[in-house]
Amino acid sequence: MRLERVDGRPLVIGHRGAKAVAAENSLEALAAAVDAGADMVEFDVSPGLVVAHEPHEPGPSLDDALELLGVQDVGLHIDLKRPGYEQAVLEAVDRHRLRGRVLVSTAYPSVGRRVAALAPDLPLAIGYPRDRAGIARFTWPDALVRPARGALRSVLPARIPLLLRQSRAGVLALHWTLCSPASVRAAHRSGAPVLAWTVNDPDAIRRLEAIGVDGIVSDDPREARSTLATLLAP
């Protein structure tokens with residue numbers, strides 16, 4: 001699977017399907033991301049092989065999601081939310097004969113090592129930072145976190161090679177506020193494409209495109225594609 005830029009633009013990856021259009025991680029959201037022209041569709045898989053961000057949330061089965069997306073011309077980005085069920089996820093992928101179209105991601109280096117041991121041929125992304133406090137569910141308040149975020153951005157480039165090695169990942173999935181030219185260069189020097197999550201602001205998309213990220217993870221993949229198209233227009 002090619003995760004670097006396509007035709008000079010970053011990949012567009014629908015976040016939890018297309019959660020701006022339909023309920024996140026639902027079959028409707030997955031279908032909406034395909035209809036929007038996403039290059040890849042990202043969705044969460046919790047224990048029990050439920051497509052949901054948290055184990056207690058209702059959602060379709062992984063098999064249902066794979067069946068729906070398997071007949072579409074789209075990549076699948078499967079985000080494992082907890083340790084312990086890596087082999088079952090890989091077995092489901094193989095049942096649907098989709099290994100060549102799947103990227104697995106996780107915020108846990110231990111999960112990355114397990115996936116790499118079980119399926120060394122499978123593209124693997126390490127997510128950073130880990131969503132300990134539900135970061136993905138709201139926008140970080142600038143007034144509260146700007147100093148800490150700035151400090152983290154400054155040291156992150158030096159940490160990226162170690163993060164990739166510890167998790168045995170070949171792809172870096174980085175919160176968009178931490179993406180900088182230096183962090184993108186550091187990842188690329190290690191041979192790792194950079195996926196920026198979760199980006200819905202057109203100005204942020206334009207900035208990320210300019211610094212060379214390889215993928216834009218967005219709640220609204222149609223709008224993300226539209227924004228990128230204006231940058232590539234003659």
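The values are calculated or read from the model by the stated rules, or taken from the named source; none is laboratory data. These figures come from a predicted structure and were not determined experimentally. Cβ: placed from backbone, ideal geometry, glycine included. Neighbour counts: every protein chain shown.
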| said: Testing Ala23 on (1) assigned to a loop (DSSP other than H, G, I, E, B); (2) in contact (Cβ under 8 Å) with a residue 24 or more places away in the chain; (3) farther than 20 Å from Ala125 by Cα; (4) not hydroxyl-bearing (Ser, Thr, Tyr), one condition comes back false. Which one is that? | reply: (2)
| query | Just wondering, is there one or more residues in segment 200-218 that are over 24 Å from Ala29 (Cβ atoms) and of a type in the set (Lys, Arg)? | reply | yes
| query | helices (runs of 4 or more DSSP H) wholly in segment 53-137 with at least 3 residues that are of a type outside the set (Ser, Thr, Tyr) and over 19 Å from the mean Cα position of the chain (by Cα) - which ones? | reply | 62-70, 86-95
| request: Would you check which residues across segment 10-19 are part of a loop (DSSP other than H, G, I, E, B) and more than 18 Å from Ala52 (Cβ to Cβ) and list them? | output: Pro10
| said: Being over 19 Å from the mean Cα position of the chain (by Cα) and either surrounded by 16 or more Cβ atoms within 10 Å (Cβ to Cβ) or in contact (Cβ under 8 Å) with a residue 60 or more places away in the chain (or both) is true for just one of Leu163, Leu152. Which residue is that? | reply: Leu152
| message | Which residue is farthest from Pro123 (Cα to Cα), if the candidates are limited to segment 186-212 and must be surrounded by fewer than 19 Cβ atoms within 10 Å (Cβ to Cβ) and either in contact with a Gly (Cβ under 8 Å, 6 or more places away or on another chain) or of a type in the set (Asp, Glu) (or both)? | response | Asp203
| Among the residues of segment 127-137, is any modelled with pLDDT of 95 or more, of a type outside the set (D, E, K, R) and surrounded by 15 or more Cβ atoms within 10 Å (Cβ to Cβ)? | yes
| Condition check for Ala224: of a type in the set (A, V, I, L, M) and within 23 Å of Leu103 (Cα to Cα) | yes
